[in-house]
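Structure first, commentary second.
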Amino acid sequence: MPNVTFNIDYLLKLVGSKLEKQKLNEILYKLGIEVEHEEENSLTLEITPNRPDLFSVVGLARYLRNFLHQNKNFHYNIIKDTKETQLNLIINPNIKNKLFIYGFVAKDIKLDDNSLADIFNFSEKLSDTLGRMRKKLSIGIHDYDTIDKTIEFKLSNDKKFIHLKGNEPELFSDVLKNTEKGKMYSTALPKTNMFPVLEDTKGVLALIPIINSKRTAVTKKTTNLFVEVTGTSEDLVKKINEMLAINFHELGAKIYQINISGNNKNYTSLSFPENYVTIPVSQIGAEIGIKLDSSIIISLANKMGYEAAVLNQKIRFSIPAYRIDILNEQDVIEDIAIGYGYEYIVATPVPSITKGKLLDNTILFNRISDAFIGVGFTELISTYLTNEDKNFTKMRLDIPNKKDYILLKDSKSSSITMARTHILPSLLHVLSLSKHEKLPQKIFELDLIFSIDKNKPVEDYHIACVSTNNKQNFNDMKSIIYSVLLTLRISFSIAECKHNSFIEGRCASILINGKELGVFGEVHPVVLRNFGIEEPTTAFELSLSFI
């Protein structure tokens, strides 16, 4: 989980309360925020990734004020009406809806060392976590007074600009190669010769999502800001834009929306839609496990930052715009439980009329695994998903009709297209990856395989093993099969058979109750070559459908 370091004095200043450190730590613990490290005037906290609003000291202070019942306003309608257009942002057609942009103007803000550090730390943490190292989201903060009131978002050819840490103009391509940010985030850019930029008549404002220009650098003397959020998900970009606007509003700034046009769109950048979750009073108490009336629930809702109202026998919760983690009523109920205090909720034993025990099949499967471990094999757990080449072609088997095995719909990778129909290919693939390790190598797996019977998917448990050594033959595997199956008291017989995956004359089928359920023998040299295995290998696979 992300770790964020906060200045304690600045945090308490924003909270507006004279909290002692011990009391602050107690409240953080109740809120599920763990203190990772503490120094004289700083706290390093572990913040759950689903609460990005708490990556900022402004958001954490708001959370604490709510919890201490020091907030009276839970509604953020912070767009300042004005007839003057603050900024026009034009999206060039060459962006082609592959990137989205929102933003706002924050005016009359007073910055100091603490607020400036938190603003940049917050934007960096959001870009690295939710933004997946800026591949999905990035944030830019500019000195509004240094830019034109019309800017363009576009893809540009390689050109020069003076970046934030530079003194001389450099090409975009050189910035990616030579700067710390360029090296760190260049993978977020598509592999083309075009670069996403923000530009006005004076030149480049930012190379998105890498670095801003030196011209628009923000300092403590800056009083007016232009904030832009870009990314590949319009919904995420819009929500983070609103979250940032609320934070700047709480720092005392006047917030103005901007006009954005292009790609057949024309919109303003801030909307703050009304989002509500309505839950029956009885459901809230029942799911938490305590009795709560509507007045207590509303008080707890305020404590957790919700505006709430009674509607008949239900409570309507207004979801703050900065709470992008709220997906459904369960998230709200969890917050009510946190507000109430888990330490006051008495644990109730779950009544049961049955006694848990292992299934008979599970007991037998465990015995089978123990038997193979006893003769020197190591257990493997591999994926159920494979492809036709590994499952059939490399095993010298014909690819059956597609109606006879389970295909994945809309697979995004040629390496994963189907559910496996036998286990041996998985074991041989592992041997191919470990061919440089010491011999002998002996591995086994007991797990599911899949097929289709009468248009219905069928699951079946198989046990399979492979053994590779420079001196390996049919009788070695035969002795292992006899040792394991007789130890498990499984009655069986063997018969000569032909199987394309094995050398003819050196393989046999396993019959149980007169039914052919397995095969073992020396793996065919072509199969070994297909998997890149250099030493002689024996293998065995048996269906456990007789159990």
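The values are calculated or read from the model by the stated rules, or taken from the named source; none is laboratory data. Since the structure is predicted, the reported quantities are computational estimates derived from the model, not experimental observations. Note that we place each Cβ from the backbone using ideal geometry, even for glycine, and neighbour counts take in every protein chain shown.
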So which residues in segment 229-260 are under 20 Å from L137 (Cα atoms) and hydroxyl-bearing (S, T, Y), if there are any at all? T230, T232, S233
Taking segment 303-324 only, how many residues are in a strand (DSSP E or B) and of a type outside the set (A, V, I, L, M, F, W, C)? 4
Show me the strands (runs of 3 or more DSSP E) found entirely inside segment 450-547 where at least 2 residues are assigned by TED's automatic domain parsing to the domain that holds L380 and among the polar types (S, T, N, Q). 456-468, 537-543
Residues Y63, Y102: which one is under 31 Å from the mean Cα position of the chain (by Cα), not aliphatic (A, V, I, L, M) and not assigned by TED's automatic domain parsing to the domain that holds D9? Y102
Lone qualifier among N475, N500 - being at pLDDT 90 or above, farther than 23 Å from L364 by Cβ and touching a Lys or Arg at 6+ places or on another chain (Cβ under 6 Å): N500
When you check N241 against the structure, is it without any contact (Cβ under 8 Å) to a residue 24 or more places away in the chain and either assigned to a strand (DSSP E or B) or assigned by TED's automatic domain parsing to the domain that holds F153 (or both), yes or no? no
K221 versus (1) assigned to a loop (DSSP other than H, G, I, E, B); (2) within 23 Å of M243 (Cα to Cα): which is the lone unmet condition? (2)
Of (1) buried (at least 17 other Cβ atoms within 10 Å of the Cβ); (2) more than 20 Å from L380 (Cα to Cα), T468 fails just (2)
Name every residue in segment 98-115 that is in a helix (DSSP H, G or I) and either free of Cβ contacts under 8 Å to residues at least 60 places away in the same chain or surrounded by fewer than 16 Cβ atoms within 10 Å (Cβ to Cβ) (or both), in order of residue number. D113
I'd like to check something: does segment 229-248 contain any residue that is at pLDDT 90 or above, of a type in the set (G, A, S) and exposed (fewer than 14 other Cβ atoms within 10 Å of the Cβ)? no
In segment 116-131, is there at least one residue being of a type in the set (D, E), part of a helix (DSSP H, G or I) and surrounded by fewer than 14 Cβ atoms within 10 Å (Cβ to Cβ)? no
Exception for L542 within (1) under 14 Å from F474 (Cα atoms); (2) buried (at least 22 other Cβ atoms within 10 Å of the Cβ) falls at (1)
Residue check, S382 in a helix (DSSP H, G or I), surrounded by 13 or more Cβ atoms within 10 Å (Cβ to Cβ) and touching an Asp or Glu at 6+ places or on another chain (Cβ under 7 Å): no
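Conditions (1) part of a strand (DSSP E or B); (2) over 19 Å from G305 (Cβ atoms); (3) assigned by TED's automatic domain parsing to the domain that holds V332; (4) under 25 Å from the mean Cα position of the chain (by Cα), marked per residue:
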{"site": "L19", "(1), (2), (3), (4)": "no, no, no, no"}
{"site": "L24", "(1), (2), (3), (4)": "no, no, no, no"}
{"site": "E38", "(1), (2), (3), (4)": "yes, yes, no, no"}
{"site": "L45", "(1), (2), (3), (4)": "yes, no, no, yes"}
{"site": "D53", "(1), (2), (3), (4)": "no, no, no, yes"}
{"site": "F74", "(1), (2), (3), (4)": "no, no, no, no"}
Checking N500 against (1) over 40 Å from the mean Cα position of the chain (by Cα); (2) more than 28 Å from T417 (Cα to Cα), which single condition isn't satisfied? (2)
I'd like to know if segment 339-354 contains one or more residues that are closer than 30 Å to I27 by Cβ and surrounded by 15 or more Cβ atoms within 10 Å (Cβ to Cβ). yes
Select from segment 358-396 the residues that are over 28 Å from I416 (Cβ atoms) and among the charged types (D, E, K, R) and list them in ascending order. D360, R367, D370
Matching residues, segment 325-357, being part of a loop (DSSP other than H, G, I, E, B) and closer than 17 Å to T278 by Cα: D325, I326, L327, N328
Filtering segment 391-438 down to residues that are within 30 Å of N470 (Cα to Cα) and among the hydroxyl-bearing types (S, T, Y), which residue is nearest to the chain's Cα centre (by Cα)? S426
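Residue by residue, here is whether (1) within 14 Å of N247 (Cβ to Cβ); (2) assigned by TED's automatic domain parsing to the domain that holds K191; (3) under 30 Å from the mean Cα position of the chain (by Cα); (4) among the basic types (K, R) holds:
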residue	(1), (2), (3), (4)
N92	no, yes, no, no
K98	no, yes, yes, yes
D108	no, yes, no, no
N121	yes, yes, yes, no
D143	no, yes, no, no
D158	no, yes, no, no
